[in-house]
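Just below is one structure, and these are the notes that go with it.
The values are calculated or read from the model by the stated rules, or taken from the named source; none is laboratory data. Since the structure is predicted, the reported quantities are computational estimates derived from the model, not experimental observations. Counting neighbours? That spans all protein chains shown, and the Cβs are built from the backbone with ideal geometry, glycine included.
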Amino acid sequence: MSDYDLLVVGSANADLVIGVQRRPAAGETVLGSDLAVHPGGKGANQAVAAARLGARTALLARVGDDAHGRLLLDSQRAAGVDPAGVLVGGAPTGVALITVDPSGDNSIVVSPGANGRLTPEDVRAAAGLVRSARVVSAQLEIPLETVAETVRRLAPGSRFVLNPSPPRELPQELLEACDPLIVNEHEAKVILGGDGADGGGTGDDPEDWARALLARGPRSVVVTLGAEGALVASADGAVRVPSVKVDAVDTHRRGRRVHRGAGLAARRGRVPRRGGGLRGPGRRGGRDPAGRAGVVSDGGRGRGRMKKAGILNRHLAGALAELGHTDQVLVCDAGMPIPDGPRVVDLAFRAGVPSFAEVLDGLLAELVVEGATAAAEVREANPEAAALLAGHFPGLAFVPHERLKELSAGARLIVRTGEARPYANVLLRCGVFF
């Protein structure tokens with residue numbers, strides 16, 4: 001039996017996030033919210049998500065001997081990830097500088113820091129850890145030669161999952177190890193054509209991209225297609241997997257979720273190998289008890305479990321566990337129009353129960369809030385709610401109620417309360433505590 005279901009070999013960053021009313025133009029200075037610092041990085045995020053899904057997970061990465069590095073180590077331990085493979089020192093911890101506007105659009109600059117110092121020698125020294133995992137996952141925020149060395153150290157019978165992001169041309173030994181190779185359109189075209197312009201002459205059909213990529217050596221390929229879902233391909237053919245309909249708020253985090261979920265699917269035999277189909281043991285699709293489509297069972301190993309014992313509504317607990325750092329959550333009164341698209345958890349029992357204040361206080365115990373937006377009308381129509389919001393969010397932004405309704409269509413989650421008083425609504429830009 002393997003010691004770990006999944007080993008992630010990859011990056012670990014501190015995300016430094018500032019909310020702004022608008023992103024600055026060249027040469028311009030704008031004021032923003034208080035700085036929020038969160039653990040992040042593709043590798044670290046994948047490890048945390050896999051552990052939350054119930055996998056025995058370890059991380060091989062490098063952080064600096066500094067406060068950001070300690071934050072990352074603490075967050076991995078808190079999520080149930082074994083950080084024994086995380087090396088410390090050699091350079092400052094990598095950081096991502098992120099500005100986010102009220103609509104959820106962001107700009108990101110990454111300083112790799114210690115991620116760039118994770119070397120092939122480090123992988124050789126951790127060869128026992130690499131061999132102890134049934135599935136090894138990687139991306140390209142660490143040196144390419146380090147990822148290649150990881151492939152050379154895989155245990156017989158293990159699987160290697162690669163998301164080549166940021167994309168570049170890949171050596172043959174790396175391509176042949178992938179099972180699956182997970183790419184979006186841009187990444188597929190870079191690998192096939194070298195510059196992302198024409199995909200090496202393969203056209204605009206994802207099935208053509210998948211066939212061309214399989215010809216390069218991967219055992220299986222997953223092409224993510226945004227709102228159109230994903231294409232899963234192997235030597236036996238290709239299968240389209242539809243997506244759950246949402247309005248995308250943060251697409252780079254959505255891609256990470258596909259990658260981390262595919263790693264677990266590979267462990268459970270659900271991503272095709274040569275000679276095997278897509279459907280594996282225990283996989284079933286359908287609807288959850290509230291009637292939402294697209295739920296896939298994980299055999300009770302964690303998707304529906306509560307992140308904290310204090311949340312008694314399992315639908316809300318599951319929705320919170322899916323949030324990224326810059327996702328948006330609308331907490332609204334009973335009379336707020338609900339747009340199509342976002343996931344909705346309706347807590348309303350009767351008029352006034354539960355109240356807006358009760359639900360907001362409960363959510364704030366679970367969330368890291370980076371910014372908040374409310375309707376300007378609340379200040380006159382509902383002074384009590386306005387005072388509550390001002391107390392919680394000193395940097396609270398106000399927009400007309402009609403504009404708040406437009407912005408709410410981009411929320412990842414809407415939590416409806418039983419509040420009967422008007423304009424008790426707030427759009428939060430937030431994530432969950434690790």
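Of note:
- Looking across 20, 37, one residue alone is touching a helix residue (DSSP H, G or I) at 6+ places or on another chain (Cβ under 8 Å), surrounded by fewer than 24 Cβ atoms within 10 Å (Cβ to Cβ) and β-branched (Val, Ile, Thr). It is 37.
- Contact map, the range 97-113: residues that are under 11 Å from residue 371 (Cβ atoms) paired with residues that are surrounded by 21 or more Cβ atoms within 10 Å (Cβ to Cβ) and β-branched (Val, Ile, Thr), Cβ distance under 8 Å, separation 6+ or inter-chain. Pairs shown: 99/17; 100/17; 100/326; 102/373; 104/249; 104/326.
- Note on the range 316-366: residues that are within 18 Å of the chain's Cα centre (by Cα) and assigned to a strand (DSSP E or B) total 4.
- Entirely in the range 1-88, the strands (runs of 3 or more DSSP E) that have 2 or more residues that are more than 20 Å from residue 134 (Cβ to Cβ), charged (D, E, K, R) and at pLDDT below 90: none
- The single condition from (1) among the polar types (S, T, N, Q); (2) more than 20 Å from residue 367 (Cβ to Cβ); (3) touching a residue at least 60 places away in the same chain (Cβ under 8 Å) that residue 29 fails is (3).
- In the set 358, 366, only one residue is out of contact with any Phe, Trp or Tyr (no Cβ under 8 Å at 6 or more places or on another chain) and surrounded by fewer than 22 Cβ atoms within 10 Å (Cβ to Cβ); that residue is 358.
- Annotation: of all residues in the range 121-138 being within 13 Å of residue 7 (Cβ to Cβ) and not small (Gly, Ala, Ser), the one that is surrounded by the fewest Cβ atoms within 10 Å (Cβ to Cβ) is 131.
- Of residues in the range 54-73 being farther than 13 Å from residue 4 by Cβ and within 19 Å of the chain's Cα centre (by Cα), the one surrounded by the fewest Cβ atoms within 10 Å (Cβ to Cβ): 71
- Given (1) in contact with a Gly (Cβ under 7 Å, 6 or more places away or on another chain); (2) over 15 Å from residue 103 (Cα atoms), index of the condition residue 358 fails: (1)
- Of the residues making up the range 368-419, those that are part of a loop (DSSP other than H, G, I, E, B) and more than 21 Å from the chain's Cα centre (by Cα) are 376, 377, 382, 393, 394, 395, 396, 400, 417, 418, 419.
- Answer residue from the range 323-340, given it is more than 17 Å from residue 385 (Cβ to Cβ) and either β-branched (Val, Ile, Thr) or surrounded by 17 or more Cβ atoms within 10 Å (Cβ to Cβ) (or both) and is modelled with the lowest pLDDT among those: 325
- Restricting 67, 96, 55, 61 to those that are closer than 20 Å to residue 320 by Cβ and of a type in the set (A, V, I, L, M) reduces the list to 55.
- Looking only at the range 387-434, residues that are without any contact (Cβ under 8 Å) to a residue 24 or more places away in the chain, of a type in the set (A, V, I, L, M) and out of contact with any Leu (no Cβ under 8 Å at 6 or more places or on another chain) come to 1 in all.
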